[in-house]
1. Using every Cα-Cα pair within chain A, state what percent have a distance larger than 16 Å.
2. Using the structure shown, list the pairs from B:K54/B:K83; B:K13/B:K83; A:K45/B:K83; A:K45/B:K77 with a Cα-Cα distance above 18 Å, or answer none.
3. With a cut-off of 8 Å between alpha carbons and a minimum separation of six or more residues, what is the relative contact order of chain B in percent?
4. Can you compute the FRET efficiency between B:S85 and B:N58 using 1/(1 + (r/R0)^6), with r the Cβ-Cβ distance and R0 = 22 Å? Round to the nearest 0.05.
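Each reported figure results from applying straightforward, stated rules to the coordinates on display, with no laboratory input. Please read all numbers here as calculations on a predicted model, not as lab measurements. Note that we place each Cβ from the backbone using ideal geometry, even for glycine, and neighbour counts take in every protein chain shown.
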Amino acid sequence: DIQMTQSPSSLSASVGNTVTITCRASQYISNYLNWYQQKPGKAPKLLLYDASNLEVGVPSRFSGSGSGTDFTFTISSLQPEDIATYFCQQYDTLPITFGGGTTVGI
Amino acid sequence: QLHLQESGPGLVKPSETLSLSCTVSGGSISSKSYYWGWIRQTPGKGLEWIGSIKHSGNIYYNPSLKSRATISVDTSKNQFSLKLSSVTAADTALYYCARHNAPFGVVEGYHYFDSWGQGTLVTVSS
């Protein structure tokens with residue numbers, strides 16, 4: 001299985017700051033990567049697919065980049081409602097696997 | 001607005017079979033571009049994909065479940081289901097059903113889980 005490693009596992013930032021999360025795949029996955037946001041007590045919500053494509057309705061302060069094995073997820077101006085855990089997920093090779101998550105706090 | 005709702009027992013005894021259903025409303029389970037998936041979440045292992053099924057019956061499973069998982073679809077009820085046999089405490093988890101948007105299938109092209117149920121907690125205990 002492809003292992004997805006996220007870092008950091010948690011971070012704290014101020015409103016308006018830029019937040020960056022990295023996700024590393026244990027092998028080459030092209031751009032076959034999605035990002036999800038999960039708020040406490042809620043199901044994950046798709047934010048980005050194909051590494052950098054914003055899902056409809058998702059604010060443009062969320063962005064993603066990368067290809068191959070190294071990926072970056074960025075919140076350009078952190079808002080209070082962005083407090084959540086963020087997960088990456090690869091779909092290059094079955095089984096689909098997820099990163100361990102990064103919890104973003106203020 | 002698509003809505004998915006999981007249902008099933010919240011407590012299952014060890015060695016028995018876990019059975020969950022997911023009812024889809026606001027959209028057809030027979031839509032061409034979609035598979036329908038099960039994902040579970042635990043504090044220890046995080047998010048784990050269990051498998052995905054298309055209305056036609058095409059199914060993909062996570063091999064880690066070693067053939068214990070069976071996913072089926074009932075188009076007449078707009079539902080799909082999960083059975084997990086021989087459960088142990090390690091199967092205690094929050095189980096989610098989700099729409100698996102896969103216009104080119106699950107083994108090529110982009111695909112993602114774009115709509116999720118609220119999740120249902122299943123505890124395995126005697």
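1. On the way: 2898 of 5565 pairs.
Within chain A, distances greater than 16 Å cover 52 percent of Cα pairs.
2. Numbers: B:K54/B:K83 16 Å; B:K13/B:K83 14 Å; A:K45/B:K83 25 Å; A:K45/B:K77 26 Å.
In this structure, A:K45/B:K83; A:K45/B:K77 exceed 18 Å between Cα atoms.
3. Working: 311 pairs, mean separation 42.9, N = 126.
About 34 percent, as a whole number.
4. On the way: r = 22 Å, r/R0 = 0.98.
Computed FRET efficiency for B:S85 and B:N58 comes out at 0.55.
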